[in-house]
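Structure in structure tokens, see below.
The values are calculated or read from the model by the stated rules, or taken from the named source; none is laboratory data. Because the structure is a prediction, the values reported are computed rather than measured. Every residue, glycine among them, receives a Cβ derived from its backbone with ideal geometry; neighbour counts consider all protein chains shown. Side chains included, ligands, DNA and RNA excluded: accessible areas come from the protein's heavy atoms. Shrake-Rupley method; radii C 1.70, N 1.55, O 1.52, S 1.80 Å.
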Amino acid sequence: MQKFITFRGLVAPLDRVNVDTDQIIPKQFLKSIFRTGYGVHLFDEWRYLDEGYPGQDVSRRSLNPDFVLNQPRYQGASILISRDNFGCGSSREHAPWALQEYGFKVIMAPSFADIFYNNCFKNGLLPIILPAEVIASLLVQAVQTPDYHLEVDLQAQCVRDDRGQSWSFEVDDFRRHCLLQGLDDIGLTLQRAEAIRSFESRHRQRAPWVFNAIDRL
Amino acid sequence: MAAQTLYDKLWQDHLVEERDDGSALIYVDRQLLHEVTSPQAFEGLKLAGRQPWRREANVATPDHNVPTDSEQRQHGVAGIIDATSRLQVQTLDENCREFSIPEFSINDARQGIVHVIGPEQGLTLPGMTVVCGDSHTATIGALACLAHGIGTSEVEHVLATQCLIQKKSRNMQVRVEGQLGPGVSAKDMILAIIAHLGTAGGTGYAIEFAGSAVQALSMEGRMTLCNMAIEAGARVGMVAVDDTTLEYVRTRPYAPQGAQWEAAVAYWRTLHSDEDAHFDAVVRLDAQSIAPQVSWGTSPEMVLPIHATLPDPAQTDAVRAAAWRRAYEYMGLRPGMKVSDIPVDRVFIGSCTNSRIEDLRAAAAVIRGRRVAASVKQALVVPGSGQVKRQAEAEGLDAIFTAAGFEWRLPGCSMCLAMNADRLGAGEHCASTSNRNFEGRQGQGGRTHLVSPAMAAAAALAGHFVDVREF
Ligand code: SF4
């Protein structure tokens, strides 16, 4: 996993509540067996006027001019701001894959759905929770200020704008550490293999039925 | 020891170790796999040269994009016309073979929707930690399992380590007391709960459903209830073990036998919240006050009782009003309209929410001897598993459905998320027993209305929503 470097990025507003993962990446793209290829289909149903399908030549599709991310001023945005309950719905990890491949590194919202929030960290995408009033004012700024940029400092856990205003955010230490170091969760957990084995043998004593063979299948 | 909730107990019994940052390593007893969220996990495993920690902790089945028509199904995987779907199902088969993971493949008699077959086969037993790369894993909490959805990276993590890194959720109890009225089901109960809590009301919580109305539900009803905990924002929904649970588990093919059964029951009997356990939040609902529900918008909280009229955005706060206006536009509806005036173009009875035998019985009881309205283009019944399908056929339910003009299909997720050929056309309204009414969920431009099986059946006959109690 890539280390999360403190960075400055162009901000795009997505002023909606309950942006669900079906919207972030519609289900027809979940048929892929690969980890990449989702960025061009991010928000597919909002972004294009025609119906998308996997493997198509997206350069020939007509863009929906009304969709915010299609406006020229937001091209190259790497910070997305949205409303409450972002990422609700299906647990598909394709949602953070698509956001990241599109170019987003940070999503800010007053609240996130649990599974989505968790999935972001596994993929080097930083979800930042800020109070609803702060989000509301950032959404206004992102619309009113041309070329609106924010700086995100994960080490210091704060977001700054170019006028020197800043807002701090909470993120738990382990997740922050993994993002900063680019650490692989599985490798870390396997360092605890002894502890897992010893738990497993105690568990087997207490609940042997959990370990019954299912080879009869 | 301090009084514990059911969730606390399940957590404690699977805690490998606490970590310094307050997260924990939690042992996973059972992982269910399907074709959509597993290929990248297996790929990751192979790239890292890792093997599954305990291969028999895993069981796989293809469900999301299997065709449900017999023409395609009779040729097995090779018969899947859509090439990307076919490749995904083939990839699951290959991965299971390569890693020796048990699989109910496409035409196995036990194939079905993961969350339906886990409990049905006894592969998910009370007290287990159960995960699956699918948010509706919460369904299985009905058996007092700690069951929830995970992302693909976590699927790989569980395959490789048999553990998950987790932060403990807070405890919420949703108590429903009293008796549900006739014609009102677990689906109406959960829709009413979501309307009450909001789609983010349960975020950060593990919900335990309790109270006399919950205890009175069958296991299947409890599964419907827990299934949609995620639509209230909670990843976990649970119901304590009682006699109903044990009776259900007893006859399952993979239930423990003999002395092991006795030992298991002794442990399972402890799986309930202690009398004075502390909940961080308690929500109470009165069962009598719940009428049959219909969702009108594009979020599962946009739900109303059948006799209501659609709400006016001018009567709510600005953020919600904006969401309502967008929903009205997408759904092609107007404030002030009666729920019962919403027309129905297609009907879908199925999904992990409502595709078990009792759901099909409830729908068939309404339909028996009547006909689907001429204005309805298609009405589908998709049983949740091969076993449900056989049982329904043995009871003659398939004949009731087909005589009424319903199509009787083969098991899978089908029109719940339209990854196969079963889908809505743009602008079509669907009475659906599934769990999500998001934009495009059942097909681009499609308009989903979430209802119970009995309400879907009644809507199919009437051509619009009706109160099944008066029907
Ligand atoms: S039936 Fe629907 S909700 Fe359930 S697992 Fe399948 S797609 Fe997901």
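Given labels modelled 7 Å from the Cα in the Cβ direction, how far is it in nm from A:Q56 to A:F34?
1.8 nm
Does anyone have the angle between helix A:132-144 and the longest principal axis of chain A? Alpha-carbon axes, 0 to 90°, nearest 10?
Its long axis makes an angle of about 40 degrees.
Taking all protein chains as present, what is the carbon and sulfur share of the accessible area of segment A:11-147, in % to the nearest whole number, probe 1.4 Å?
With neighbouring chains kept in place, the figure for segment A:11-147 is 53 percent.
Between B:K168 and A:A213, what's the calculated FRET efficiency when r is the beta-carbon distance and R0 is 41 Å? Round to 0.05.
Efficiency computed from Cβ-Cβ geometry: 0.85.
OK, next. In what sequence, largest accessible area first, do B:L360, B:L217, A:L49 appear using a 1.4 Å probe?
Accessible-area ranking of B:L360, B:L217, A:L49, largest first: A:L49, B:L217, B:L360.
I've got another one for you. Can you run phi through the Karplus equation (6.51, -1.76, 1.60; θ = phi - 60°) for segment B:85-100 and list ³J(HN,Hα) in whole Hz, with x for Gly and Pro?
Going residue by residue, I get 5, 4, 4, 5, 5, 4, 4, 4, 4, 5, 5, 5, 5, 4, 9, 6 Hz, with x marking Gly and Pro.
Then there's this: Mind listing the phi-derived Karplus ³J(HN,Hα) values for segment B:459-464, rounded to whole Hz, using 6.51, -1.76 and 1.60 with θ = phi - 60°, and x for any glycine or proline?
5, 5, 6, 8, x, 7
Can you give the helix-only mean residue ellipticity at 222 nm for the protein assembly as shown, where every DSSP H stretch with n ≥ 4 adds -39500 (n - 2.57) and the sum goes over all residues, rounded to the nearest 500 deg cm²/dmol?
-9000 deg cm²/dmol
Given A:V106, A:Y117, A:I33, which one lies farthest toward the positive end of the charge dipole of chain A, if we put +1 on the Cβ of every Lys and Arg and -1 on the Cβ of every Asp and Glu?
Value computed over the given set: A:I33.
Just to be sure I understand: with springs between alpha-carbon atoms less than 10 Å apart, which residue in A:G164, A:G39, A:G55 has the highest mean-square fluctuation in the Gaussian network model of chain A?
A:G164
Along the charge dipole of the protein assembly as shown, Cβ charges K/R +1 and D/E -1, which of B:L87, B:T199, A:L150 sits furthest on the positive end?
B:L87
Additional query: Just the accessible area per residue of the protein assembly as shown, please: how many Å² with a 1.4 Å probe?
34 Å²
Note down the accessible area of A:C88, probe 1.4 Å, to the nearest 10 Å².
Roughly 10 Å² of A:C88 is accessible to a 1.4 Å probe.
If you count only protein heavy atoms and use a 1.4 Å probe, how large is the accessible surface of B:D69, to the nearest 10 Å²?
30 Å²
Right, next: If you take each beta carbon of peptide B:34-42 and count the beta carbons of other chains within 10 angstrom, what is the mean?
The shielding value for this peptide is 4.
What is the packing order of peptides B:138-146, B:249-257, B:235-243, taking the mean over residues of other C-beta atoms within 10 Å and listing the highest first?
Per-residue mean Cβ counts within 10 Å order the peptides as B:138-146, B:235-243, B:249-257.
For the interface of chains B and A, what total accessible area is buried with a 1.4 Å probe, rounded to the nearest 100 Å²?
Chains B and A together bury approximately 6300 Å².
Okay, moving on. Near the amide H of B:A60, under 5 Å away, which other amide H atoms are found, from residues 5 or more places off or on another chain, if H is placed in the peptide plane?
Long-range HN contacts for B:A60: B:L33, B:E103, B:F104.
With an 8 Å cut-off on Cα pairs and a minimum separation of 6 or more residues, tell me the relative contact order of chain B in percent.
Relative contact order of chain B: 17 percent.
Still on this structure, I have one more. Could you state how much accessible area B:R346 has, in square angstrom rounded to the nearest 10, with a 1.4 Å probe and all protein chains kept in place?
Approximately 40 Å² for this residue.
Name the residue, out of A:F174, A:F116, A:F29, whose mean-square fluctuation peaks in a Gaussian network model built on chain A with Cα pairs under 10 Å.
Top of the fluctuation ranking is A:F174.
Continuing with this model, one more query. Under 5 Å between amide H atoms, partner at least 5 residues away or on a different chain: which partners does B:T448 have, H built in plane at 1.01 Å?
Counting only residues 5 or more places away or on other chains, the set is B:C430.
Taking 45 Å as R0, compute the FRET efficiency from the Cβ-Cβ separation of B:S70 and B:R325 and round it to 0.05.
0.55
Between A:S166 and B:E393, what is the FRET efficiency for a Förster distance of 56 Å, r being their Cβ-Cβ separation, to the nearest 0.05?
FRET efficiency, A:S166 to B:E393: 0.30.
Could you give the length gained by full extension between B:Q315 and B:R54, i.e. 0.36 nm per residue of separation minus their alpha carbon distance, to one decimal place?
So the chain would gain 88.4 nm between B:Q315 and B:R54.
Would you please classify the overall shape of chain A from the alpha carbon gyration tensor, given that a ≥ b ≥ c denote the square roots of the eigenvalues, rounded means a/c under 1.5, and beyond that prolate means a/b larger than b/c while oblate covers the rest?
Here chain A falls in the oblate category.
Count, for each residue of B:256-263, the Cβ atoms from other chains sitting within 10 Å of its Cβ, then give me the mean as a whole number.
Averaged over the peptide's residues, the number is 2.
According to the square roots a ≥ b ≥ c of the eigenvalues of the Cα gyration tensor, what is the shape class of the protein assembly as shown, taking rounded for a/c under 1.5, prolate for a/b larger than b/c otherwise, and oblate for the remainder?
It comes out rounded by the Cα gyration axes.
Do any of A:K31/B:K377; A:K3/B:K9; A:K122/B:K187 go past 31 Å between their Cα atoms, and which?
A:K3/B:K9; A:K122/B:K187
Now a separate question. Any idea what the dipole of segment A:1-90 comes to, in debye rounded to 20, about its Cα centre with Lys/Arg Cβ at +1 and Asp/Glu Cβ at -1?
Here segment A:1-90 has a charge dipole of around 420 debye.
Right, next: Return the long-range amide H neighbours of B:H464 (sequence gap of 5 or more, or a different chain), with a cut-off of under 5 Å between placed amide H atoms.
B:V344
Kindly write out, for segment B:7-13 in residue order, the coupling ³J(HN,Hα) from the Karplus curve 6.51 cos²θ - 1.76 cosθ + 1.60 (θ = phi - 60°), rounded to whole Hz, with x marking Gly and Pro.
4, 4, 5, 4, 4, 4, 6
So, one more: For the protein assembly as shown, with only Lys/Arg (+1) and Asp/Glu (-1) charged at the beta-carbon, what is the dipole magnitude about the Cα centre, in debye rounded to 20?
Dipole about the Cα centre, nearest 20: 640 debye.
Which residues of segment B:190-215 end up with at least 30 Å² less accessible area in the presence of all protein chains than when their chain stands alone, using a 1.4 Å probe?
B:T199, B:T203
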